[in-house]
1. Search the range A:94-116 for residues being among the aromatic types (F, W, Y) and crowded, with 16+ Cβ neighbours inside 10 Å, and hand back the single one that is modelled with the lowest pLDDT.
2. Which condition from (1) in contact (Cβ under 8 Å) with a residue 24 or more places away in the chain; (2) within 12 Å of chain B (Cβ to nearest Cβ); (3) over 23 Å from B:L435 (Cα atoms) is the one that A:V35 breaks?
3. As an exercise: evaluate A:I110 against (1) more than 21 Å from the chain's Cα centre (by Cα); (2) free of Cβ contacts under 8 Å to residues at least 24 places away in the same chain and give the number of the one condition it does not meet.
4. Within the range A:22-32, how many residues turn out to be of a type outside the set (A, V, I, L, M) and either surrounded by 12 or more Cβ atoms within 10 Å (Cβ to Cβ) or within 13 Å of chain B (Cβ to nearest Cβ) (or both)?
5. Since A:L154 meets every condition but one in (1) loosely packed, with under 13 Cβ neighbours inside 10 Å; (2) of a type in the set (A, V, I, L, M); (3) closer than 26 Å to A:I236 by Cα, which condition does it not meet?
6. Hey, among the residues in the range B:365-406 that are within 14 Å of another protein chain (Cβ to nearest Cβ) and of a type in the set (A, V, I, L, M, F, W, C), which one's surrounded by the most Cβ atoms within 10 Å (Cβ to Cβ)?
7. What number of residues within the range B:42-78 are touching a helix residue (DSSP H, G or I) at 6+ places or on another chain (Cβ under 8 Å), part of a helix (DSSP H, G or I) and among the polar types (S, T, N, Q)?
8. Out of the range B:205-223, which residues are within 14 Å of another protein chain (Cβ to nearest Cβ) and either closer than 14 Å to B:A281 by Cα or charged (D, E, K, R) (or both)?
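The values are calculated or read from the model by the stated rules, or taken from the named source; none is laboratory data. This is a predicted model, so every value here is computed, not measured. Here the Cβ positions follow ideal geometry from the backbone for every residue, glycine too, while neighbour counts run over all protein chains shown.
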Amino acid sequence: MVAKERFKAIFGNYLFILPALGMFLIFSVYPFFKVFQLSVFQWDGIMPTMKFVGLSHFKDILFRNPTWWQSVGNGAYITFLALTFQNCLAFVLALLVDRGIKGGKIYRVIFYLPPILSGIVVGLIWNWIYNGDYGLLNYALKALGLAGIQRAWLAEPKTALTSVAIIHMWRGFGWGFIIMLAGLQNIPRELYEAAKVDGANKWQMLRRITVPLMIPVFVLVSILTILGCMQIYALIVATTGGGPGYHTEVPVTRIISSMLGQSQFGYACAMGILFGLILLTASMIQLRISRRIKQE
Amino acid sequence: MTKRAVCMFCVGAFLSCIIGFIGCTRKAEKATGITVWHWMTDRQDAFNQLAEIYEKEKDIKINFELYAPSGAYTQKVMAAAQTNTLPDIFGILGEKRIFASFIKAGHVADLTEEMDARDGKWRGIFFSKALDVNRFLSGNQFGVEPGIYGVPIDVTNIQVLYNKALFRRAGLDSNRPPSTWKEFIRAGEKLKAAGIPVLVSGWGEIWLIDCFASNYAFNIMGKEKVVATIRGDVPYTDPDWIRVFSIFKEISEKELLAQGVVTMVNKTAEQIFANERAAFAFNGSWCVNVYKGMNPALEYGAIPPPKISDKYPMAIWGGAGSSFMVNVKSEKRENAVEFLRWLTTKKQQVFLAKSTQNLPSNKYSLAEIPPILAEFADDMDRTTHPGILPVAEFPRVIESFNKGIQSIITGEKTPEQIAKEVQKVKDREIKSQRLER
C-alpha cells in the first residue's frame, strides 16, 4: 500500500512535466537522432523514399570536398581573430568600466547595442560602410589622404574575409564585455585591498589576482566565441553571400547550400554532424587547456 | 485525491488543446474554398483583388496565402510535401529536378488532359516557352511521366537595360543601343571616359551570372554543344567555353563593371541603375515594377545582350516567370483547375500585367501591356531556360562554374584555370553518378 502511494506520488509529479517533456522529445531529441539517420541516406527532401548510402557522404566531405574544408578554414580564421582581438578588446573595456571610469553605465549600454541588432541589419549597415563607390570607409580614407588604398572591401578576395570578420567582431564584442564585466565585479574587493597593503602595484594586481580569478570566465567567453564565430551565417548572407568565389564561405553556408540549393539533405546532415564534431573537439581542447592553466 | 485530479486535468487539457487545434485547422481548411500558396510579395494585392472578383462571379472563395521570402517559402512547401499538407494550388521554386521530385512523390497533378481539351484551346493561349518549363517530355532524365504539370501565370526574360539619359550625357545615340559585343565595349569605354559606371548586375546572386554566361554560350557554340557539354561529351576546357569565360575577363579588365558587382545582391544593383549610377544593367522583366517604384522618371530601354558571334543566335534567359501547380490529392482539384483557367484568360492576365508590371503568360494579352514590357515581350521567342533543355547540369558543377566566374572578374584566376576546375568537378560528379548506378 505504501509502495503504491509512493509510486503515485512520484508518477504524479512526472505528469506535470509531461507536456514540456513531450515538446523536448519532439523538437530537440527526435531531430537530433533524425540528423544521424538522414546522414547515411541520399534524400532530396521531397521524395518519400530514401536511398541508403552508408558512410559515403562522410567520405566525400572528408576527402573530396575542398570547398567544405575551405569554409571550415574561413570559419576558423574569423574565430581566431575574434578570440584574440575581440576578446582582448572586451576585457580591456570591461576592466575600464569596472574601475569606475566616468560614464561607465552609458558605455555598458553602448557596447551592448551591436549584439542585440539582427545580423541582417548589421550586414546592411556595413555594406554601406564598405561600399566601393560611396562607402563611408573609402570616404574617410580619401579625407585622410589614403585614396590609394580605397577599394570595394567586400568584393575583393584579399579583403573580403577580414572585412566580414571585423563586422562580426564589432557585433560580438559586447557579449564578451558583459560577461567579463560580471566576472570582474564578482572578484572580492578585499583581495585588492590586501594586495595594496602588501605594496602590490596595478600591474601585479592584474597579473596575480584579476587574471587567475577570471580564467573560468575567459574559458566561458572563449567557448561562446568559438561556437558563435563558427556558426556565423546571417552576416555572410547580408554582406557577401559567400563570395567572391568561395572566399567568405563558412560551414553553415555550405550546409544550407547543400540542403536547399542542391537538395542534398543527407549530405547536408553529414556535413552538420562533422561540423558538430569539430566544434565539440574545439570546446574540449579549450576546457582541457583551461583546466591545466588553473592547476598551474 | 486533489493532486490526482489536478494531474488528470492538466494532461486532459493539454491533449484536448492539441486535438482541438488540429481539428479546427482541418475544418477551417474545408470551409474556406481553394487555398493558394505563393511567395510573390508584389502580387499579393492584385491576387486578392482577382480572388474577390472570382468569388463574386463563381461563388468560390480563393485564399491567396503569401509566404515570403522565397527561401522560407521553399522550406514551407517542402515540409508540407513531407507531411502531405500541401494546399490545393501551390508554386514550386528551384531547378527542374526539384519539380520532378514533387511529381514523382505524387504531389502534382498532370494537367495535359485539361490543356489538350477542346483542341488544345487552353494550351494555345500560352507562350510555348512558358509552357515548356512545366512540361516533361518522354524519356526525360528525371523519369517523370511525360505531361504538362504546371500553369504559367506570367513569363519573364532577362535582358540588358540601358539608361537613355546617361547615353546622351556620354555623347551616345540613345536611340541606337549596342547590338554587337564590339559596339557594347565601345559604348562602355565612352561612358567610362565620361565618368559613368557602365554595367551593374546582382552577380553576388550567382544564378544571374549563370544567365549571362549561358546567353553567350548559346551565341558562341550553339544549343547542341551546350547540351553536349551537360551530357559530358564536350569538356568545359573546350576553346568555346574558354571564350565564354573570357567575356568576363574582358569586361573586368576594361573596368566596365560597377564596383563590388561580384558580391552585390540584385536589389542593390537595381537601386544603382534606378538612381542613374550605372548606364547598363543586366536584369529581368520584373525590374519594370521595381524601377517604377524606385525612380518613376527613369528613362530606359531593354535590348537583348549584344551578340558576340554571328554563328549562332543570341539566346535570352527566360520562360515561365512563375507557375502554379495543382495538388493531385486535393479534393477540390476540378475547382482548382477551373480557377487557374480563369486566371490565365486574357482579361485577368491584362489586369495582372497592368497592376504588377509583369509579362503575362497569355500571349493574347500583349497588345494591352505598357511599352517597356512590350520591349521585353518582343524577344520571348528567343528565350531559353535550363528547365527546357533535355538534360540538367549537376548542381555542384553549376556552383563551381558561377563561383569561378566571380574569381575571373576579381582577377584572381584565369579563364583557363576556371575551365579546368569546373571540368574537374564535372568529372568527379560523373564518376560518383556511375558508382551510384
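1. A:Y107
2. Of (1) in contact (Cβ under 8 Å) with a residue 24 or more places away in the chain; (2) within 12 Å of chain B (Cβ to nearest Cβ); (3) over 23 Å from B:L435 (Cα atoms), only one is false for A:V35: (2).
3. Every condition holds for A:I110 apart from (1).
4. Residues meeting the conditions: 3.
5. Unmet condition: (1).
6. If we take residues in the range B:365-406 being within 14 Å of another protein chain (Cβ to nearest Cβ) and of a type in the set (A, V, I, L, M, F, W, C), then B:I405 is surrounded by the most Cβ atoms within 10 Å (Cβ to Cβ).
7. Number satisfying all stated conditions: 3.
8. B:E205, B:L208, B:I209, B:D210
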